[in-house]
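For reference, the structure discussed in these notes is given below.
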Amino acid sequence: MGYKRPLKISVKNAEFQILLALRTNRSKRSQEKEVFVEGTEGIKQLIEAGWEVTRILYRDGVPLSHWAVSVLKKFSKAKQFEMAPDLYAELSEKENPSELIVTAKIHTHSLTELISLKKQMPFYVLFDRPSDLGNFGSLLRSADAFQVDAIFVLGHSIDVYDPKVIRASLGSVFHTKLIFLESVSQLEFFLKNEKERCGLKVIGTDSEGSQSLRDQSLNSPILIILGNEAKGMSVHLQSLCNSIVNIPMLGVVNSLNVSCAGSILLWEVAKNLDKKRSV
């Protein structure tokens, strides 16, 4: 077939149990510092982002596409497993399993690394205690589309490397600088430095915010804060904002899903950033 002889998994052995844990268990992903990725688009984005592939799995007896064969050839140093179809189906989260499943080492980013970049017009987003996997994944897609420089995650939250987040983000998670803040004081230190360095403004969002987005011009350097889906922004985070904006609603319901609201705000910043670049 042109690629190395695969290992076989035909019973629920130790390797199968590790793979199942990487798909289902947050603690195992954190311990191993690996993600479980299923689906062509997610795998393509992971590869494009340069993440280290550690395992590649495919079904015994099922022909592979030219793309799948090329992945096996490209990552010949990764463990490659040919799995019994029933075990592969059990491992998969899809009704019709993808032709490949991979695991990869998590590529982490630090606050120190971000500070060292010294971007003149930074565009940051902070998500306060995200609790919905789909919302977070959708927001990552928008952040990629509108060229957000980094996303901060604060407080107890969902596992951002859960397979559901990866699918919802269409693999954009692999291109995103995710910064996990240990405390609000760490954020305050960062904001103080960025305000002195480049004049960073902090804009919060809330359906009852005192400023209408209609009357605002959101420009970088900027940090947009999105609150928890159920509880909104913490009081402490509100105190760090230069202003808190609301999105004018014309219908009966008075608020938007956080990923939708976030996308609108990100577009407003990106639109103005494009204008500056074209001058």
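The values are calculated or read from the model by the stated rules, or taken from the named source; none is laboratory data. Predicted model only: the values in this text are computed from it and were never measured. When we count neighbours, we look across all protein chains shown, and the Cβ atoms used for this are built from the backbone with ideal geometry, even at glycine. Areas reflect the complete protein model, heavy atoms only, side chains present, ligands, DNA and RNA absent. Shrake-Rupley method; radii C 1.70, N 1.55, O 1.52, S 1.80 Å.
Across the options LEU114, VAL102, VAL125, the greatest Cα extent toward the positive end of the charge dipole of the range 93-177 (unit charges at beta carbon of Lys, Arg, Asp, Glu) belongs to LEU114. For the pair the range 76-123 and the range 22-43, the centres of their Cα atoms are 6 angstrom apart.
Given the alternatives (i) 1.06; (ii) 1.03; (iii) 0.94, Rg/Rh (Cα atoms, Kirkwood Rh) as computed for this entry is given by (ii). Overall, the anisotropy analysis places the range 1-42 in the oblate class: the square-rooted eigenvalues a ≥ b ≥ c of its C-alpha gyration tensor yield a/c not less than 1.5, with a/b not exceeding b/c. Loop-resident GluC sites (Glu not before Pro) (DSSP state other than H, G, I, E or B) in the range 192-223 with no more than 16 further Cβ atoms inside 10 Å of their Cβ: GLU208. Once you have a ≥ b ≥ c as the square roots of the Cα gyration tensor eigenvalues for the range 161-276, tell me rounded if a/c is under 1.5, and otherwise prolate or oblate according to whether a/b is larger than b/c. It comes out rounded by the Cα gyration axes.
Protection proxy ranking for 117-125, 171-179, using the average of other Cβ atoms within 10 Å per residue and placing the highest first: 171-179, 117-125. For the range 225-237, the Karplus equation 6.51 cos²θ - 1.76 cosθ + 1.60, evaluated at θ = phi - 60°, returns couplings of 9, 10, x, 4, 4, 9, 9, x, 6, 5, 4, 4, 5 Hz by residue, with Gly and Pro reported as x. With 20 Å as the limit, write out which pairs from LYS28/LYS105; LYS44/LYS271; LYS44/LYS74; LYS33/LYS73 have Cα-Cα distances beyond it, or answer none. Flagged as over cut-off: LYS44/LYS271; LYS33/LYS73. Remark: spin-label model distance ARG5-GLN186 equals 4.7 nm, labels positioned 7 Å along the Cα→Cβ axis.
Can you work out the accessible area per residue across the chain, with the rest of the protein chains kept in place, probe 1.4 Å, in square angstrom? Write out the running numbers ahead of the final one.
Values: 13730 Å² over 279 residues.
Solvent-accessible surface per residue comes out at 49 Å².
Charge dipole (Cα centre; +1 on Lys/Arg Cβ, -1 on Asp/Glu Cβ; no other charges) of the chain amounts to roughly 840 debye. Rounded to the nearest 10 degrees, the angle from helix 133-145 to the longest Cα principal axis of the chain is 70 degrees. When the helices of the chain are scored as -39500 (n - 2.57) per DSSP H run of n ≥ 4 and the total is divided over every residue, the value at 222 nm lands at -11500 deg cm²/dmol. On the chain, 50 percent of the accessible area sits on carbon and sulfur atoms, based on a 1.4 Å probe.
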